[in-house]
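Participant: Take this structure first; my questions come after.
The values are calculated or read from the model by the stated rules, or taken from the named source; none is laboratory data. All values derive from a computational prediction rather than experimental measurement. Methodologically, a virtual Cβ is constructed for each residue, glycine included, from the backbone with ideal geometry; neighbour enumeration extends over all protein chains shown.
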Amino acid sequence: MTGDPILSVRDLRISIPTDEGRAQILDDVSVELPKGRIVGVVGESGCGKSTLIRAILGILPPQTVIESGEIHFKGRDLLRLPQHALTTEIRGRAIGFIPQDPYLALNPVFRVGKQLMEILRWHGLPGEEPPKRFDAAIRARYVAHLVDLLKAVQVPDPELALERYPHQFSGGQRQRVLIAAALACRPDVVLADEPTTALDVTTQLQVLKLLKDLASTFDVSMLFITHDFGVVAQLCDDVCVLYAGQSIEAGATRAVLDHGLHPYTRMLIGCHPDRAADISGIPGQVPSPLAPPPGCRFNPRCPHAMPACAAGRPPIAEVGEGHKVACLLHPAAAMEPAR
């Protein structure tokens, strides 16, 4: 990955106590988002992608334990900020969020315009403080801003759209409204949590193209969560691969797609219909965070596993310009003690 990161997650370890023991959700996860880039975080369900997003936004469940790590955004460690600062300065204002399901993310009993207006009433227009008094003149300015936003995300009849309820929009249009909500305050970073999963293929392609265009138009950096390497190939400049709560490979998207080094990365790419000669899937299952295997967590499913893979976990090591991997098949990856 190139450029100075505007958002950097370093060695993040997160666990949740349960009745059955401690669940290690994230285990030394590191991700960098350079300014002006779109970085994909890819992996199977249960690998910790959504927990990573919640940690950045500071909305983890109360019982969650952040064991170690840092999340730096523009020089500030988000894990050390009080909730008031996260609410008023970060969430929605400096860091936007596009949720996964457009059918659940909007309140069905309020008009779309009212829901978008609440974001501006809380945070203010881009570059302005929220108003102490909300009058007709401010409302008119906010409405004009929202109309421009809905035009930018290609919602038809934006003036009328503000007066409609969520059920009066298709799934693709609802997702565009949520993208507009994420961009309302012109954030520096947008976090997108699998925003195309609930959409049909045609609408998915339209939304991906729209996101790529908007990232350039609004000059935002984007962290895009997905399980689909096909989406990564279409949208992302760089990619970070997670497996069972661990970072295992990262680099430029084209380099990882064409020369993936970790066996899991290659097998995950091979599951995509456009790239697989024989779609056979990955044998086995993602291990439970309550009882992860020692060493490399992929070793029980890996066709190249060696005894050393269970003896210790290889750290992420650079094997090329900006290309990093955690695998003993590559000499640059030195051994870490098992835990």
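Participant: Is there any pair linking a residue in the range 308-327 that is over 17 Å from Val31 (Cα atoms) and touching a residue at least 60 places away in the same chain (Cβ under 8 Å) to one that is part of a strand (DSSP E or B) and among the acidic types (Asp, Glu), with Cβ under 7 Å and at least six apart or on different chains, and which?
Facilitator: So the pair list comes out as Arg313/Glu336.
Participant: If you don't mind, another one. Considering only residues of the range 206-238 that are among the aromatic types (Phe, Trp, Tyr) and surrounded by 22 or more Cβ atoms within 10 Å (Cβ to Cβ), which is nearest to His145 (Cα to Cα)?
Facilitator: Selected residue: Phe224.
Participant: Just one of (1) part of a loop (DSSP other than H, G, I, E, B); (2) crowded, with 18+ Cβ neighbours inside 10 Å trips up Arg186, so point out which.
Facilitator: Failing condition for Arg186: (2).
Participant: May I ask you to verify whether Ile179 is touching a residue at least 40 places away in the same chain (Cβ under 8 Å) and within 13 Å of Val153 (Cβ to Cβ)?
Facilitator: Yes, satisfied.
Participant: Can you tell me which of (1) over 25 Å from Leu86 (Cβ atoms); (2) surrounded by fewer than 19 Cβ atoms within 10 Å (Cβ to Cβ) is the one Gly172 doesn't meet?
Facilitator: For Gly172, the failing item is (2).
Participant: For the subset of the range 146-202 comprising residues that are charged (D, E, K, R) and touching a Phe, Trp or Tyr at 6+ places or on another chain (Cβ under 9 Å), which member is modelled with the lowest pLDDT?
Facilitator: Glu194
Participant: Determine if the range 64-79 includes at least one residue that is more than 28 Å from Val232 (Cβ to Cβ), touching a residue at least 40 places away in the same chain (Cβ under 8 Å), touching a strand residue (DSSP E or B) at 6+ places or on another chain (Cβ under 9 Å) and among the aliphatic types (A, V, I, L, M).
Facilitator: yes
Participant: Among the residues of the range 98-150, write down those that are of a type in the set (Gly, Ala, Ser), in a helix (DSSP H, G or I) and over 30 Å from Thr203 (Cβ atoms).
Facilitator: Ala136, Ala137, Ala140 - these are the residues of the range 98-150 that are of a type in the set (Gly, Ala, Ser), in a helix (DSSP H, G or I) and over 30 Å from Thr203 (Cβ atoms).
Participant: If you take just the strands (runs of 3 or more DSSP E) that sit entirely in the range 231-339, which of them hold at least 2 residues that are closer than 24 Å to Leu52 by Cα and at pLDDT 90 or above?
Facilitator: Details: elements: 238-243, 246-252, 317-320, 323-325.
The qualifying strands (runs of 3 or more DSSP E) are 238-243, 246-252, 323-325.
Participant: Every residue in the range 123-149 that is surrounded by 15 or more Cβ atoms within 10 Å (Cβ to Cβ), closer than 19 Å to Arg93 by Cβ and touching a residue at least 24 places away in the same chain (Cβ under 8 Å), please.
Facilitator: His123, Gly124, Leu125, Tyr142, His145, Leu146, Leu149
Participant: Checking Glu163 against (1) surrounded by fewer than 17 Cβ atoms within 10 Å (Cβ to Cβ); (2) touching a helix residue (DSSP H, G or I) at 6+ places or on another chain (Cβ under 7 Å); (3) in a helix (DSSP H, G or I), only one condition comes out false. Which one?
Facilitator: Among (1) surrounded by fewer than 17 Cβ atoms within 10 Å (Cβ to Cβ); (2) touching a helix residue (DSSP H, G or I) at 6+ places or on another chain (Cβ under 7 Å); (3) in a helix (DSSP H, G or I), Glu163 violates only (3).
Participant: Next question, about the same structure. Among the residues of the range 68-110, how many are buried (at least 18 other Cβ atoms within 10 Å of the Cβ) and aromatic (Phe, Trp, Tyr)?
Facilitator: 2
Participant: If you don't mind, another one. Name the residue, out of Asp19, Asp11, that is among the charged types (D, E, K, R), in contact with a Gly (Cβ under 7 Å, 6 or more places away or on another chain) and without any contact (Cβ under 8 Å) to a residue 60 or more places away in the chain. First the steps, then the outcome.
Facilitator: Numbers: Asp19 fails: in contact with a Gly (Cβ under 7 Å, 6 or more places away or on another chain).
That would be Asp11, the only listed residue that is among the charged types (D, E, K, R), in contact with a Gly (Cβ under 7 Å, 6 or more places away or on another chain) and without any contact (Cβ under 8 Å) to a residue 60 or more places away in the chain.
Participant: OK, next. Considering only the range 200-216, I want to know if a residue exists there that is outside any helix (DSSP H, G or I) and closer than 21 Å to Ser170 by Cβ. Break it down stepwise before answering.
Facilitator: Of all residues in the range 200-216, those outside any helix (DSSP H, G or I) come to 200.
Filter once more, keeping what is closer than 21 Å to Ser170 by Cβ: 200.
Checked against the condition, which is being outside any helix (DSSP H, G or I) and closer than 21 Å to Ser170 by Cβ, the range 200-216 yields at least one hit.
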